[in-house]
Amino acid sequence: FPRAMSMLPKVYVTRKVPPDGLDILRKSGQVQFEMWDSDDPVPRVELLKKVKGCDGILCVLTEKIDAQLLDAAGPNLKVLSTMSVGFDHLSLDELKKRGIRVGYTPDVLTDAVAELTVALLLATSRRLIEATHEAKTGGWGTWRTLWLCGHELANSTVGILGLGRIGVAIAERLKPFKVKKFIYTDVEPRPELAKMIEAEYVSLDELAKQSDFLAICCALTPETHGICNWNLFSKMKKNAIFINTSRGGVVNQEDLYEALSTGLIAGAGLDVTTPEPLPTHHPLFTLKNCVILPHIASASYTTRNAMSALAANNLLAGLRGEPMPKELKL
Ligand code: DGY
């Protein structure tokens, strides 16, 4: 006989997640779950109440999973599953201390994120947003020889800060644009990944100096926090295009503003900022050479559904005490 509903492990889902993940939870018959049935984040006070006594939590990247929340959840909590590849919103030490297992969603979003990174890079380097604005608002006079010129990928050097799955996928997509050379830096060389894209390992200084295009693909950690600062921008080429689809926290935005507004570098494309949303009066929005997207790198229907399905499967496996399809090593 199926166990009475009230006997099943209790799960709180902190957001209306895409249907594939919800179906998996519903059809599993393995959990009783409650969900914050909204596209907007659950208020913190509500969240702290709802997680009380839960065995599992399925969250998204806007929820801070810290000591306060874990204390509010209490000792039943065994599994935390985040519908994201990034985990900077989780206090890993606190989770580890309490023996709580963590699931996340790498791989399933790699293609979507790489695709969007290329789109953002091209939109920034070929000034597409500025160009459509000019066309729409009467700036389009006659054909002019240097009007709206940008920088091309052919014969360029592309730098990758943080070479993982996403960095490799970006390089694979950029190669057919006739990039001359890929270089990368990371805490240590990653020969296996680098071989896939024939990328050369260089220091952070050399990465800054040599890159015509610099893609930021690292996780946000205490080590990478603010790593893209004046020290880095001041070494970059005047024609360089800076692209960030990782986390806003890796960039010192004041320094980036200075670099862009003084022509130290040519342009920046950002899918992530600090804070999110970036207030509409933020100085970066005043710059023509800065393209800002509202954190949409993984936003394809297929990928967001795959992320929710993986998050659900991680949660269920964790609650069964089995290995998760994608478990974060703590
Ligand atoms: C993540 O998964 O961490 C992205 O930022 C959103 O898909």
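The values are calculated or read from the model by the stated rules, or taken from the named source; none is laboratory data. Keep in mind that this is a model prediction, so the values were computed, not measured. Methodologically, a virtual Cβ is constructed for each residue, glycine included, from the backbone with ideal geometry; neighbour enumeration extends over all protein chains shown.
Worth pointing out:
- Qualifying residue in the range 6-28 (condition: farther than 13 Å from A73 by Cα, at pLDDT below 95 and not aromatic (F, W, Y)): yes
- Single residue of the range 205-251 satisfying the filter (charged (D, E, K, R) and closer than 18 Å to G164 by Cα) that is nearest to the ligand (Cβ to nearest atom): R247
Okay, residues lined up against (1) over 23 Å from A309 (Cα atoms); (2) within 16 Å of the ligand (Cβ to nearest atom):
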{"position": "K49", "(1), (2)": "yes, no"}
{"position": "C54", "(1), (2)": "no, no"}
{"position": "V60", "(1), (2)": "no, yes"}
{"position": "K64", "(1), (2)": "no, yes"}
{"position": "G74", "(1), (2)": "yes, no"}
{"position": "T82", "(1), (2)": "no, yes"}
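- Test for L153: is it under 22 Å from A299 (Cα atoms), in a loop (DSSP other than H, G, I, E, B), more than 16 Å from the ligand (Cβ to nearest atom) and within 25 Å of the chain's Cα centre (by Cα): no
- Yes/no for A306 being touching a Cys at 6+ places or on another chain (Cβ under 9 Å) and either outside any loop (DSSP other than H, G, I, E, B) or within 15 Å of the ligand (Cβ to nearest atom) (or both): no
- Annotation: of all residues in the range 106-120 being among the β-branched types (V, I, T) and touching a Ser or Thr at 6+ places or on another chain (Cβ under 6 Å), the one that is farthest from the ligand (Cβ to nearest atom) is T117.
- Here Y301 clears all of (1) surrounded by 17 or more Cβ atoms within 10 Å (Cβ to Cβ); (2) within 16 Å of the ligand (Cβ to nearest atom) except the condition numbered (1).
- Just so you know, in the range 140-157 the residues that are free of Cβ contacts under 8 Å to residues at least 12 places away in the same chain and exposed (fewer than 10 other Cβ atoms within 10 Å of the Cβ) include one that is nearest to L121 (Cα to Cα), and it is L146.
- Residue in the range 234-253 that is touching a strand residue (DSSP E or B) at 6+ places or on another chain (Cβ under 7 Å) and within 30 Å of D55 (Cβ to Cβ) present: no
- Output for the range 121-150, where each listed residue is polar (S, T, N, Q) and either within 16 Å of the ligand (Cβ to nearest atom) or in contact with a strand residue (DSSP E or B) (Cβ under 7 Å, 6 or more places away or on another chain) (or both): T124, S125
- Taken over the range 252-282, residues that are within 15 Å of the ligand (Cβ to nearest atom) and closer than 19 Å to D212 by Cβ amount to 1.
- Test for L256: is it crowded, with 18+ Cβ neighbours inside 10 Å, over 16 Å from the mean Cα position of the chain (by Cα) and farther than 17 Å from S203 by Cα: yes
- Number of the condition not met by D88 [criteria: (1) out of contact with any helix residue (DSSP H, G or I) (no Cβ under 6 Å at 6 or more places or on another chain); (2) among the acidic types (D, E); (3) away from the ligand (no atom under 12 Å from the Cβ)]: (3)
- Screening P294 against (1) in contact (Cβ under 8 Å) with a residue 24 or more places away in the chain; (2) within 12 Å of the ligand (Cβ to nearest atom) leaves a single unmet condition, (1).
- So E322, is it free of Cβ contacts under 8 Å to residues at least 24 places away in the same chain and acidic (D, E): yes
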